[in-house]
Structures are given as structure tokens and as C-alpha cells.
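The values are calculated or read from the model by the stated rules, or taken from the named source; none is laboratory data. Computed from a predicted model, the values in this text were never measured in an experiment. For neighbour counting, all protein chains shown are included, and Cβ atoms are generated from backbone atoms with ideal geometry for every residue, glycine included. Keep in mind that these areas ignore ligands, DNA and RNA; they rest on the heavy atoms of the full protein, side chains included. Shrake-Rupley method; radii C 1.70, N 1.55, O 1.52, S 1.80 Å.
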Amino acid sequence: MAVIVLLLFVGAAARLRVARVWVYAGSDSYGYLKLGDEWADHGRFALGPSEPLEWYRRPLYPLLLNAVRVGTRGDTSGWAAWRRIEDAQIALDVLATGLLVLLIARRIGGRLAGIAALTLSMLYPPTVLFSCAVLTEPIMALLTVAMLACLILGSRRPLVWFPIAAIFLALASYLRPDGPVNGIAFIPALLYVDGGRQRGVLAALSLSVFIALFAPWPIRNVIHFATPHVADGMIDRYGHDVPHYAGFWRWLQTWARDDRPAGQLQSCFYNTKCAPTLELVEEQGAFIAPASNSDHERGKVEELFVLREREGVSQRVSEGFMSLARRRRVTHPWRVQISLPLRRAWQMWLAPQSEVLENPAWRPWPSLSNRLLPHLRLLSLLLLAAVIASAVALLVHRGTRTAAAILVATIIARTVVLAWSAFCLPRYLIPIYPVCFILVGAALGLLHEKLASLLRQRATS
């Protein structure tokens, strides 16, 4: 118990040390704050009184921001509101996510597994940094781990805990458009339930709970926008929805090799004040072989850029890019569907997770962060290697196979969806880092158990 308390204290102290001198607030952060303000002031889920209703961003994070900013709402230029948000996220990250990581790893691999997983959760640098950032990632991490805790720790009373897991899945879906991806964890969890009848009852009950809780959101969207917007959409750099985003994004998916096109290029294309150029898309790799008729494609893209200049991101522009995307998918199916997504997944996992440290003049704890920054990519590589080795070890071992399958399915599902869709910003992996820590901690616990058993056998022989 003393070790657990010490780790929680160190984790909280490290986060508070960062938060007291630094806050990361990007355009997403201000967008959520505006949504919360308009919701509280006028009962509209929109960016402002004169803005249209929102459908891409979800309402849970603005609701949380409003709850913790009571008495300081509107103070976006001072420290009071920011500190309350950071303190709330730190408390949740340490006392909720951290303890759940401990409990799950301990159930799978024993006491040492829990301590190892908690140590990683409290001290792994990106988790410390992102828990202090005004972004949805730390909350998504908590909801993901809470759902997994219900499926793994509650496996002996599934009729109680599986529906509760569905509640956390619904909350994750109210937090981010990729929230429903977590639902993949129910598949291995249900497969290991004894009896086909009970499996069917649990599946139906969990699905019913999820639908009952989440249905108001797509129903609201159908009423206002004539489409449910369950897990789609795009916003520009100002937070405004882009109705005809799909064509350009599908074309981008057919050639993007990493997350860079999802940054400057897409931001410029969806911003009517910016003019994307052939040079920009070529620089990002749009016309690299094996595009067999790249000259023809260049000409079509240039025509579509001219059309966009006249009409904005219109339906005709979207359909033009969609046609180019279809041609590429038919001409080079292996590259588009398999090779590029695998490359994007690899780049995403090996990223240094330094997005919140990009400004050298505004880094938290400079004496430490400046030293850590050159080594963050190596840490990502070590984490990936440890996760793969741990997953294999736990899946092979019969006693840990069920829990490992649930954890691994969660990690693979998020990786595949992000990489295939090209929404492969590295920070979108932050919500499954605690899942990785559980896997690694459990594998260390299993290794310790095997070594201890071997030593006992030698001692008695």
C-alpha cells in the first residue's frame, strides 16, 4: 500500500509541477470552451450566438469544462479557469485512470504487475504532459480504461458489469467521434462467456444500454441536419463544420504516408482564406509513384483547386476528388488499402508525442522537458516493442488469454481505424496508452511468476 500511495503522490506531484507553470490550449481547446459558454448562456450547442449548431464535436467535454469552471467561466485569459481544468484532469488521471490501471493489471498478473503498470501510468512522460493539456485525450483514456475494467474485473458478474461497460462506451461516444471504436472490446469479452444463450443475452443487453443512452445524439442530428453524424465529419481551423469534406479526405487517404497531410494541407484546403497549391500537395507526396497517370491527376487536381477557389468546398469539388480517390483505389488496391495504412500506423506509433512541446519558448519544466525531448522517439519505440512482446506472451498463456484479448483488441482497433482513415495524429493514441501499460505490467508480472516458479523448482531439486 505504501508503494501505491508513493507512486500516486509522485505522479500527482509531477503533473502539478507541469501545470503550475504551463498549460497547453490549442484551437480545439478554445472551441470546446466556446461550445460550453454558448450552451450555458443560451442553451445552444454552438460556437456562439450567431454560429450554426454543432454536429462534429461532441457535448461531453464542454459539459465537463463548464462543471469545473463554475465561478470562473469566461476567464480564458487568466489562470483561474485553466488551473481548475488542469487540476480536475490531473485528479481524474491519477486517482481514477491510475488506480484502474493498477487494479486491472493486478487482476491479470499479480501484485508486481499492478505496481509496474501504475509506475508507467504515473511517470511515462507523454501521459504526464497530456493530462495537463486542455484536450479530450486524458478523459478518453479514463473512459476507455473504465470500460475495460468492467469487462475484465466484472467478468464473474457479467449481467451487472457488461451493461455498465456499455455506459462508459456511450460516454466515450459523447466525448469524441471515435468513441464507438472502443466497442470492439466487447467481441472478445463476449466470446469468452460460457454458453451461447448467456452470450446472446449479454450482447443484447449491452447493445440496448448503449443505444438507449447514445441514441439522443444521432436523433438530434437527424432533426437538425437530416443525417445522424454518428462518426463522421470535419472541421476547419476555426472550428466550423465542413459539410462537403469527404471527397478531398478520401483522396488524401489514397496517398498520405503519415500524419503531415492531416495537418497543414487539410487545414489549408478546408479554410477558404487559404489557397492550396499543387506544390503543397506534391511536397506531401500526393503524386509519388505508382500513380500511373500522375500528369493527368495533376491536371484534375489543379482544375479542382480552381473550382474550389470559385465555389469553396462545394459538393462538386468533393465529388471531383472522390472520383480521383476511387480511381486510385481500383488501380492500386494493395498500396491504398494495406501498404499506406501500415506505414501510417508505424509512423504514428513511433512518433515522439511532442506536439505539446513544439514551442521551445513555452515548455513545461524546461530543465527536464528539454532533456527528455530528444529521447521521446526512443521511448515510443521501446513502448511499442514492449506492447508487442507483452501481447504475445499474455495471449499464449492460457490463464491471461481472455483479458489480453480484450486489451489487444482495443489497441488494434484504434490503431487500424486511425491509420486506415488517415486521422493518424499521434496524440490520438494517448487514450490507449494506459491499456499498453496494463499489458506491459501484466507481462512483467507473468515473467516474475515464471522465474519465481523456476527458482523454487531448482531449490527443491
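Observations, loosely collected:
- Protein accessible area in segment 227-302, 1.4 Å probe - carbon and sulfur %: 49
- One decimal place: the segment TRP334-THR72 gains 89.0 nm when fully extended, by the rule 0.36 nm per residue minus the C-alpha distance.
- Shape category assigned to segment 16-133 from the gyration tensor of Cα positions, a/c cut at 1.5: prolate
- A Förster radius of 22 Å, combined with the Cβ-Cβ distance separating GLU282 from TYR30, puts the computed FRET efficiency at roughly 0.10.
- Within the accessible area of segment 313-388 (1.4 Å probe), percent carbon and sulfur: 64
- The chain - charge dipole about Cα centre, Lys and Arg +1 at Cβ, Asp and Glu -1, debye rounded to 20: 1660
- Under-5 Å amide H pairs with TYR24, H placed in peptide plane, nonlocal only: VAL134
- Split the accessible area of segment 6-137 by element, probe 1.4 Å, and carbon with sulfur accounts for 63%.
- For the chain, the longest principal axis of the alpha carbon atoms and the long axis of helix 376-396 meet at an angle near 60°.
- Share of pairwise Cα-Cα distances greater than 19 Å in segment 317-370 is 57 percent (whole percent).
- Cys residues of the chain that find no other Cys beta carbon under 4.7 Å: CYS132, CYS150, CYS424, CYS436.
- For segment 1-59, the per residue solvent-accessible surface stands at 47 Å², with DNA, RNA and ligands left out and a 1.4 Å probe.
- Formal net charge of residues neighbouring TYR245 (Cβ-Cβ distance under 10 Å; K, R +1; D, E -1): -2
- Selection from THR415, ILE4, PHE225, by position along the positive dipole direction of the chain (Cβ): ILE4
- Take every Cα pair under 8 Å whose residues are at least 6 apart in sequence, average their separation, divide by the length of segment 17-152, and the relative contact order is 25 percent.
- Contour excess over end-to-end distance, with Cα ends at MET1 and ARG44 and 0.36 nm allotted per residue: 10.8 nm
- Average accessible area per residue (Å²) across segment 349-461 - probe 1.4 Å, nucleic acids and ligands excluded: 48
- Calculated FRET value between TYR56 and ARG157, using beta carbons and R₀ = 41 Å, to 0.05: 0.65
- Potential lengthening of the chain between ASN271 and ARG458 amounts to 60.4 nm, from the contour at 0.36 nm per residue minus the alpha-carbon distance.
- Here is the list for segment 113-199: chymotrypsin sites (Phe, Trp or Tyr not before Pro) lying in DSSP coil, each with at most 16 other C-beta atoms within 10 angstrom of its C-beta, are TYR192.
- Where labels lie 7 Å past Cα in the beta-carbon direction, separation of GLU311 and ARG17 in nm: 5.7
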